[in-house]
Amino acid sequence: MGVIAAKPAKLSFSQVAALPVGGMTADQILRRLDLCTGSQLLVYGASGSVGSYAVQLGLYYGAEVTAVCGTANQQLAANPGAAKVLDYTITNWIDQAGRYDAIVDAVG
Ligand SMILES: NC(=O)c1ccc[n+]([C@@H]2O[C@H](COP(=O)([O-])OP(=O)(O)OC[C@H]3O[C@@H](n4cnc5c(N)ncnc54)[C@H](OP(=O)(O)O)[C@@H]3O)[C@@H](O)[C@H]2O)c1
């Protein structure tokens, strides 16, 4: 992904204005993880600006993604194809977590 790209015709200017910051932050992180098919990735904050891109980029690299976010955003995190979505408001996700090749903290 380059720093400059043409705006897709089907997206509005306000839609594309929301894309670069979280997307490029996630891209910088995900590129360093050496993910490959079958890698286990957990994204904490999977419904946010950075985290939602981290989920999608993880899937793009072939990882099996576990997403952690709040109750209202469970479907949002599941839609791209996360294998498992955990709700931090009702469960201690660390107790339910398995073993991961990488964990992205997009909560801070
Ligand atoms: N945006 C950027 O480009 C950027 C760049 C550099 C660094 N950062 C840092 O990256 C972090 C995330 O930024 P963002 O812009 O992606 O934030 P955001 O869009 O506000 O997303 C925050 C995420 O944290 C989750 N969350 C909120 N309260 C939580 C809690 N008490 N326990 C667990 N999860 C909780 C939210 O889940 P629900 O909404 O589902 O509850 C959501 O998934 C921040 O620390 C920010 O400073 C961001």
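The values are calculated or read from the model by the stated rules, or taken from the named source; none is laboratory data. Remember, predicted model here, so these are calculated numbers, not experimental data. Note that each Cβ is placed from the backbone with ideal geometry, even for glycine, and that neighbours are counted across all protein chains shown.
For the stretch 58-77, taking the residues that are outside any strand (DSSP E or B) and away from the ligand (no atom under 12 Å from the Cβ), the one that is nearest to Val104 (Cα to Cα) is identified as Gly58. Across the stretch 7-29, not a single residue is classified as in contact with a Gly (Cβ under 8 Å, 6 or more places away or on another chain), part of a loop (DSSP other than H, G, I, E, B) and more than 21 Å from Ala78 (Cα to Cα). Of all residues being more than 27 Å from Tyr88 (Cβ to Cβ) and β-branched (Val, Ile, Thr) in the stretch 1-57, which is farthest from the ligand (Cβ to nearest atom)? Just the residue, please. The extreme case among them is Thr37. Please go through the stretch 79-105 and pick out each residue that is buried (at least 17 other Cβ atoms within 10 Å of the Cβ), within 21 Å of Gly23 (Cα to Cα) and hydrophobic (A, V, I, L, M, F, W, C). Ala82, Val85, Ala102, Val104 - these are the residues of the stretch 79-105 that are buried (at least 17 other Cβ atoms within 10 Å of the Cβ), within 21 Å of Gly23 (Cα to Cα) and hydrophobic (A, V, I, L, M, F, W, C).
Would a scan of the stretch 86-96 turn up a residue that is modelled with pLDDT under 95 and away from the ligand (no atom under 13 Å from the Cβ)? Checked against the condition, which is being modelled with pLDDT under 95 and away from the ligand (no atom under 13 Å from the Cβ), the stretch 86-96 yields at least one hit.
Residues that are crowded, with 22+ Cβ neighbours inside 10 Å and out of contact with any helix residue (DSSP H, G or I) (no Cβ under 7 Å at 6 or more places or on another chain) occur at least once in the stretch 63-77. Out of (1) in a loop (DSSP other than H, G, I, E, B); (2) modelled with pLDDT of 95 or more; (3) more than 9 Å from the ligand (Cβ to nearest atom), what's the single condition that is false for Tyr100? Only one criterion in (1) in a loop (DSSP other than H, G, I, E, B); (2) modelled with pLDDT of 95 or more; (3) more than 9 Å from the ligand (Cβ to nearest atom) is unmet by Tyr100, namely (2).
Test Gln75 against the stated conditions and say whether it is at pLDDT 95 or above and of a type outside the set (Val, Ile, Thr).
Working: at pLDDT 95 or above: yes; of a type outside the set (Val, Ile, Thr): yes.
Here the answer is yes, as Gln75 does meet what is asked.
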